[in-house]
Amino acid sequence: MDKGLSLRDVTIYKGKSPLIRVHHDVAPGEVLTIMGPSGVGKSTLLAFVTGTLAADFSATGAVWLDGQDITHAAAHQRRVGILFQDDLLFPHLSVGANLAFGLPPGGTRADRQARIDGALAEVGLDGFATRDPATLSGGQKARVALMRMLLSDPCALLLDEPFSRLDAALRAQVREMVFDRARSRALPVLMVTHDAEDAQAAGGAIITLGDDCGSRTTDASRSHQ
């Protein structure tokens with residue numbers, strides 16, 4: 001697969017015991033959802049993809065992104081964006097400065113400010129650049145975190161239960177926004193979640209993991225046809 005994210009015979013081990021096995025391609029604009037109980041290795045799989053696997057785990061297999069093998073690339077060279085349960089905004093920086101942190105180096109001050117202003121406008125936060133993150137609602141923080149990540153120009157998006165701390169109404173709104181932005185940018189998405197509604201809303205393949213590191217794959221998109 002020339003474009004998209006490919007997990008090729010990936011097996012994560014804790015000690016000598018296999019924890020999780022995945023072999024799947026995620027096309028641009030599509031979502032692969034990983035579900036399963038706590039401790040089964042969902043977030044550990046994301047750590048392997050981002051190049052931040054903890055020392056007490058090991059892995060075999062390969063991660064390919066847009067036709068390149070990134071399995072052994074440094075984390076900062078992989079061009080993989082990730083959103084977590086917490087927004088992780090820097091409390092000592094303004095909203096605009098938080099977004100600037102996501103921008104690649106270079107460019108004029110005017111160009112960088114234009115990208116920040118454009119990102120805020122895209123998610124309905126015009127004029128929020130000087131705001132303190134502490135004054136934002138949960139949904140506003142989620143939007144800023146998303147746009148900060150997208151400003152780094154990732155080639156793939158990973159979601160580590162980023163909607164789990166939002167109330168039901170806000171969860172649906174933010175979830176739709178994230179998936180829409182990923183589709184519009186043709187980003188392959190790898191999401192881990194406990195929530196079946198997240199998986200159904202994603203509309204793609206779902207891999208359900210068990211405690212025995214076995215898995216079964218279904219396709220949520222079929223339920224929408």
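Derivation of every value follows stated rules applied to the coordinates shown; laboratory data play no part. Source: prediction; values computed, not measured. Positions of Cβ are backbone-derived with ideal geometry, glycine not excepted, and every protein chain shown enters the neighbour counts.
Beta bridges from DSSP with both residues in the chain: antiparallel share about 60 percent, rounded to the nearest 5. I'd like the orientation of helix 138-150 relative to the chain: the angle between its Cα long axis and the longest Cα principal axis, in ° from 0 to 90, rounded to 10. For helix 138-150, the angle is close to 80 degrees. Put a dot 7 Å past the Cα of D25, heading toward its Cβ, do the same for D86, and the two dots end up 3.9 nm apart. Per-residue packing, averaged as other Cβ atoms within 10 Å, sorts the ranges 144-153, 12-21 into the order 144-153, 12-21, beginning with the highest. Give me the net charge for the shell around S58: Cβ to Cβ below 13 angstrom, other residues only, Lys and Arg +1, Asp and Glu -1. Summing Lys and Arg as +1 and Asp and Glu as -1 gives +1.
About the centre of its Cα atoms, the chain shows a dipole size close to 300 debye [charges on the beta carbon of Lys, Arg (+1) and Asp, Glu (-1) only; nearest 20 debye].
The H on the amide N of V80, modeled in the peptide plane, is under 5 Å from the matching H of C155, each at least 5 residues off or on a different chain. Could you pull out every one of the lysines with an alpha carbon less than 18 Å from that of K14, ignoring same-chain neighbours closer than 8 positions? Correct list for K14: K42.
Seen against the Cα atoms of the chain and their longest principal axis, helix 109-122 is set at about 70 degrees. Which of the three applies to region 87-190, rounded, prolate or oblate, going by the alpha-carbon gyration tensor with a ≥ b ≥ c and a/c under 1.5 meaning rounded? Oblate, because a/c is 1.5 or more while a/b does not exceed b/c.
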